[in-house]
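K.L.:
I'd like to ask some things about the structure below.
The values are calculated or read from the model by the stated rules, or taken from the named source; none is laboratory data. Here the structure is a predicted model, which is why all the values come from computation and not from measurement. Neighbour counts run over all protein chains shown; Cβ positions are idealised from the backbone, glycine included.
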Amino acid sequence: MSGRADWPAHTVLALGVLLFLVPVWLLLAGSTLDPAAISRGELSMVPDLRNLGVYGTVLTEGAPGVGPVWRMMLVSAGMALAIAFGKIAISILSAYAVTFFRFPLRMVAFWIIFITLMLPVEVRIIPTYSVMSDLHLINTFPGLTIPLIASATATLLFRQTFLAIPDELVEAARMDGAGPWRFLKDILIPVSAANLAALFVILFVYGWNQYLWPLLVATDPSLDTIVIGIVKMIGTETQTEWNKVMAAAVLALLPPILVVVLMQRWFVKGLTEGDK
Amino acid sequence: MATLVIENLRKSFGPVAVLHGVDLALASGEMLVIVGASGCGKSTLLRLVAGLDAPTSGRIVLDGRDVARLDPSARDIAMVFQNYALYPHMSVFDNMAYGLRIRGLAKPDIERRVHEAADILGLRPLLTRKPRQLSGGQRQRVAMGRAIVREPKLFLFDEPLSNLDATLRVQMRAEIRRLQRRMGVTSLYVTHDQVEAMTLGDRLLVLHQGVPVQLATPMEVFGRPANTYVAGFIGAPAMNFLPATLASQGTAARFADGTIQRFADGRRAGADGHKLTIGIRPEHVEFEPGGQNFQVDLVEPLGSETVLIGRLASGQLISVKVAGAGPRDETLMVSFPASAFHVFDGTTGLRIDPVVN
Ligand SMILES: Nc1ncnc2c1ncn2[C@@H]1O[C@H](COP(=O)(O)OP(=O)(O)O)[C@@H](O)[C@H]1O
Ligand SMILES: [Mg+2]
């Protein structure tokens, strides 16, 4: 292809990248500025490298109104991982059941799962809260994560992946003597590795960004997630230290980025090694 | 080494009957080829034997034991699939070793068996590769290897060569035959390709719409086809069929144009005027001055032989196979030697043999 034909595409891409990078850059720069200056609206694009220590401060000490950021990030990471792994485990099993096994009411089960797609967390939040309360799970880590684990979307995605697996592969495994668990472990999961990695990324970010449910179910400060923490930092009574808020926001960006970068290499590998 | 006996095996999918009672008996070490057009139920039959589907009724006896209700893994049968069905994420070695690992063989045994099979199939240098890094022929070998290492009682092949190009197919065909002879494993081989069927089988079973039509050696199926379906299916180009009636107290056939030809091999039972179909293979049609007019429409040179396709004066389409380049004329005179006749009932299509006195 000639360089000439490429320039419109490159221009659009560059604009897109700029659009995404400018706010992040503002965040980075702002985190190193004087909080009083930010409050006055004097947001500079040039970071003040002498103030990088603010990252250490928020990580270990936190900001007015919240505990240290490392702790909140740990809670967030725990929640995001529990949700991602929980969702994947549950949806693989349910997709496995509705795709490969014949049992009574199989399609009914499938449609019930499908219908729950129309009921996101926000819609069922009151009954879910009441159930969690009856189970005495308010202000606990299980209460924070379990209600977010059931996933129709992931089940449907895995079902599609499984349906694309040739019957003969399933039959070859049966001839080789692989029972249902072995088939799941040795064939199905490795063959679906690419989809698994992609889904893990999406679910981790979904879990990391949860706001409404943690806000309701975990009022105990020791269960503050980083997203909740950032909101709490923006105090109403005290003077908000915006540089610390921005530093916390930058730190909050890192784990999702890390997951995307790490898993991307993995699922590209999975994609190219797949034989479809 | 094992014998396989299939008795009155039937399979229906809901109201649709696919197999209408198949009977078979394979001697130990025998290779039986099941041949038939696409959709006639070949794969279904194989899947029943493998245990991947349950028969509607009937018995499958492997080495004296009825296995019809057993799980595939308990039958000691290995199968080679049409699209190979290799595990895409496993190396060639692991593809072959997987079934052995599940059976709990010791590691050294597994390695020995896989290496032996790899040597036989020339896969040694490829053992660490993934299936996607292999050519079609190599994948085919791995699929064979996976069956061989199991050292099963019975091999099942479901059109294993149909995804290969022509040259490779001929080569693998010979290789499969050699391998099967050498290992002496009783085998069922399914194909729609008549050349494969003729060359590979100790015996053939011709299947037509789920009904077994003829079970015999390849030469017998070719030389004495049981009905017009088999006659038309086996042999290329297909046998010519001419409508006729029985004449002269069953000793001759009267053709549509009125000519009467005496049977070379004897009298047929039945009343004169009974409808017949006379079959004659394209290679048996002769050129003879004073014969019937044959208007050539199409010439297909195949190198060592040539196929002429055209019409008789009656409008009937026939093909003629001649050695070499063949005549260039557009109109020829042909005759049908009675010694090459295959006589079939005109209504049922069944072969009518001469009555023995
Ligand atoms: N699982 C099934 N459900 C319904 N019909 C089937 C099923 N499997 C095969 N058939 C039908 O049975 C017939 C024979 O199929 P098959 O054994 O695959 O033919 P072949 O292998 O000879 O081409 C076909 O008409 C096919 O549509
Ligand atoms: Mg088939």
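K.L.:
Taking only region B:98-109 into account, find how many residues are away from chain A (no Cβ under 11 Å) and closer than 26 Å to A:Pro166 by Cβ. Write out each step before concluding.
P.N.:
Of region B:98-109, the ones away from chain A (no Cβ under 11 Å) are B:105-109.
Next, from what is left, pick out any that are closer than 26 Å to A:Pro166 by Cβ: none.
Adding up the residues that qualify gives 0.
K.L.:
Next up: Pull out all pairs, ordered by first then second residue, where Cβ-Cβ is under 6 Å, the residues are six or more apart or on different chains, the first lies in region A:137-153 and is part of a helix (DSSP H, G or I), and the second is among the hydroxyl-bearing types (Ser, Thr, Tyr) and surrounded by fewer than 17 Cβ atoms within 10 Å (Cβ to Cβ).
P.N.:
A:Ala152/A:Thr116
K.L.:
Out of (1) surrounded by 21 or more Cβ atoms within 10 Å (Cβ to Cβ); (2) at pLDDT 90 or above; (3) more than 12 Å from chain B (Cβ to nearest Cβ), what's the single condition that is false for A:Leu199?
P.N.:
Of the numbered conditions (1) surrounded by 21 or more Cβ atoms within 10 Å (Cβ to Cβ); (2) at pLDDT 90 or above; (3) more than 12 Å from chain B (Cβ to nearest Cβ), the odd one out for A:Leu199 is (2).
K.L.:
So A:Ile83 passes all but one of these: (1) hydrophobic (A, V, I, L, M, F, W, C); (2) in contact with a Ser or Thr (Cβ under 7 Å, 6 or more places away or on another chain); (3) part of a loop (DSSP other than H, G, I, E, B). Which condition number does it fail?
P.N.:
If we test A:Ile83 against (1) hydrophobic (A, V, I, L, M, F, W, C); (2) in contact with a Ser or Thr (Cβ under 7 Å, 6 or more places away or on another chain); (3) part of a loop (DSSP other than H, G, I, E, B), just (3) comes out false.
K.L.:
Show the residue pairs that are 6+ apart or on different chains and have beta-carbon atoms under 9 Å apart, the first residue being within region B:42-55 and more than 10 Å from chain A (Cβ to nearest Cβ), the second being assigned to a helix (DSSP H, G or I).
P.N.:
Partner pairs satisfying both residue conditions: B:Ala54/B:Leu48; B:Pro55/B:Leu48.
K.L.:
State the number of residues belonging to region B:316-357 that are closer than 24 Å to B:Asp265 by Cβ and assigned to a loop (DSSP other than H, G, I, E, B).
P.N.:
14
K.L.:
Of all residues in region B:211-263, which are in a loop (DSSP other than H, G, I, E, B) and charged (D, E, K, R)? Outline the logic, then answer.
P.N.:
Taking region B:211-263 first, the residues in a loop (DSSP other than H, G, I, E, B) are B:217, B:224-226, B:234-239, B:248-251, B:256-259, B:263.
Matches in region B:211-263: B:Arg224, B:Asp257.
K.L.:
Now for a different question. Might you check whether a residue that is surrounded by 17 or more Cβ atoms within 10 Å (Cβ to Cβ), under 26 Å from the mean Cα position of the chain (by Cα) and farther than 30 Å from B:Val149 by Cβ occurs anywhere in region A:176-188?
P.N.:
no
K.L.:
Here's something else I'd like to know. Within region B:11-30, take every residue that is in contact with a Gly (Cβ under 6 Å, 6 or more places away or on another chain) and more than 16 Å from ligand 2 (Cβ to nearest atom) and give me the one that is farthest from B:Arg182 (Cα to Cα).
P.N.:
Within region B:11-30, the first condition is being in contact with a Gly (Cβ under 6 Å, 6 or more places away or on another chain), and the residues that meet it are B:18-20, B:29.
Subsequent filtering for residues that are more than 16 Å from ligand 2 (Cβ to nearest atom) retains B:20, B:29.
Details: B:His20: 34, B:Gly29: 10 Å.
Only one residue tops the list, namely B:His20.
K.L.:
Does B:Gly279 count as in contact (Cβ under 8 Å) with a residue 24 or more places away in the chain and within 18 Å of B:Ala256 (Cα to Cα)? Break it down into steps so the answer makes sense when it comes.
P.N.:
Values: in contact (Cβ under 8 Å) with a residue 24 or more places away in the chain: yes; within 18 Å of B:Ala256 (Cα to Cα): yes.
Yes: the conditions hold for B:Gly279.
K.L.:
Tell me, please, whether a residue that is surrounded by 17 or more Cβ atoms within 10 Å (Cβ to Cβ), under 29 Å from B:Arg268 (Cβ atoms) and touching a Ser or Thr at 6+ places or on another chain (Cβ under 6 Å) can be found in region B:280-287.
P.N.:
Yes.
So that you can scan it fast, the table gives a plain yes or no per residue for (1) part of a loop (DSSP other than H, G, I, E, B); (2) out of contact with any helix residue (DSSP H, G or I) (no Cβ under 8 Å at 6 or more places or on another chain); (3) surrounded by 18 or more Cβ atoms within 10 Å (Cβ to Cβ); (4) basic (Lys, Arg):
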{"position": "A:Gly207", "(1), (2), (3), (4)": "no, no, yes, no"}
{"position": "A:Gln210", "(1), (2), (3), (4)": "yes, no, yes, no"}
{"position": "A:Leu215", "(1), (2), (3), (4)": "no, no, no, no"}
{"position": "A:Thr219", "(1), (2), (3), (4)": "yes, yes, no, no"}
{"position": "A:Val227", "(1), (2), (3), (4)": "no, no, yes, no"}
{"position": "A:Ile230", "(1), (2), (3), (4)": "no, no, yes, no"}
{"position": "A:Gly235", "(1), (2), (3), (4)": "yes, yes, no, no"}
{"position": "A:Gln239", "(1), (2), (3), (4)": "yes, no, no, no"}
{"position": "A:Asn243", "(1), (2), (3), (4)": "no, no, yes, no"}
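K.L.:
Still on this structure, please answer the following. Does region B:34-57 contain at least one residue that is within 16 Å of ligand 1 (Cβ to nearest atom), hydrophobic (A, V, I, L, M, F, W, C) and surrounded by fewer than 19 Cβ atoms within 10 Å (Cβ to Cβ)?
P.N.:
Pass one, region B:34-57, residues within 16 Å of ligand 1 (Cβ to nearest atom): B:34-56.
Going one step further and asking which of them are hydrophobic (A, V, I, L, M, F, W, C), we end up with B:34-35, B:37, B:40, B:45-46, B:48-50, B:52, B:54.
If we keep only those that are surrounded by fewer than 19 Cβ atoms within 10 Å (Cβ to Cβ) as well, we get B:37, B:54.
Yes: one or more hits.
K.L.:
B:Leu156 passes all but one of (1) within 13 Å of chain A (Cβ to nearest Cβ); (2) more than 16 Å from ligand 1 (Cβ to nearest atom); (3) of a type in the set (A, V, I, L, M); which number fails?
P.N.:
(2)
K.L.:
Can I ask one more? From the residues in region B:57-97 that are part of a strand (DSSP E or B) and basic (Lys, Arg), which one is nearest to the other protein chains (Cβ to nearest Cβ)?
P.N.:
Filtering region B:57-97 for residues part of a strand (DSSP E or B) gives B:57-62, B:65-66, B:77-80.
Next cut, basic (Lys, Arg) only: B:59, B:65.
Details: B:Arg59: 21, B:Arg65: 18 Å.
Checked region B:57-97; the qualifying residue nearest to the other protein chains (Cβ to nearest Cβ) is B:Arg65.
K.L.:
Let me confirm something: among B:Ile278, B:Ile309, B:Ile318, which residue is aliphatic (A, V, I, L, M), within 18 Å of B:Met239 (Cα to Cα) and in contact with a Gly (Cβ under 8 Å, 6 or more places away or on another chain)?
P.N.:
B:Ile318
K.L.:
In region B:36-73, which residue that is away from ligand 2 (no atom under 16 Å from the Cβ) and of a type in the set (Asp, Glu) is farthest from B:Ile6 (Cα to Cα)?
P.N.:
Of the residues in region B:36-73, the ones away from ligand 2 (no atom under 16 Å from the Cβ) are B:51, B:54-73.
Cutting the leftovers down to of a type in the set (Asp, Glu) gives us B:63, B:66, B:71.
On the way: B:Asp63: 11, B:Asp66: 9, B:Asp71: 17 Å.
For region B:36-73, the residue satisfying everything is B:Asp71.
K.L.:
Let me ask something additional. Take B:Arg311 and decide whether it is surrounded by 14 or more Cβ atoms within 10 Å (Cβ to Cβ) and not in a strand (DSSP E or B). I'd like the intermediate steps shown before the answer.
P.N.:
Values: surrounded by 14 or more Cβ atoms within 10 Å (Cβ to Cβ): yes; not in a strand (DSSP E or B): no.
No: the conditions fail for B:Arg311.
K.L.:
Would you check if A:Ile165 is of a type outside the set (Ser, Thr, Tyr), part of a loop (DSSP other than H, G, I, E, B), more than 12 Å from chain B (Cβ to nearest Cβ) and surrounded by fewer than 19 Cβ atoms within 10 Å (Cβ to Cβ)? Give the derivation first.
P.N.:
Numbers: of a type outside the set (Ser, Thr, Tyr): yes; part of a loop (DSSP other than H, G, I, E, B): yes; more than 12 Å from chain B (Cβ to nearest Cβ): no; surrounded by fewer than 19 Cβ atoms within 10 Å (Cβ to Cβ): yes.
No; evaluated as a whole, the condition is false for this residue.
K.L.:
Out of region B:190-222, which residues are more than 16 Å from ligand 1 (Cβ to nearest atom), touching a residue at least 24 places away in the same chain (Cβ under 8 Å) and of a type in the set (Ser, Thr, Tyr)?
P.N.:
Passing the criteria: only B:Thr199.
K.L.:
Residue check, B:Asn8 against (1) within 14 Å of chain A (Cβ to nearest Cβ); (2) away from ligand 1 (no atom under 16 Å from the Cβ); (3) under 22 Å from the mean Cα position of the chain (by Cα), all met but one. Which one?
P.N.:
Result: B:Asn8 passes all but (1).
K.L.:
Taking B:Asp76 as the residue in question, decide whether it is assigned by TED's automatic domain parsing to the domain that holds B:Leu179 and away from ligand 2 (no atom under 16 Å from the Cβ).
P.N.:
Numbers: assigned by TED's automatic domain parsing to the domain that holds B:Leu179: yes; away from ligand 2 (no atom under 16 Å from the Cβ): yes.
Spelling it out, B:Asp76 is indeed assigned by TED's automatic domain parsing to the domain that holds B:Leu179 and away from ligand 2 (no atom under 16 Å from the Cβ).
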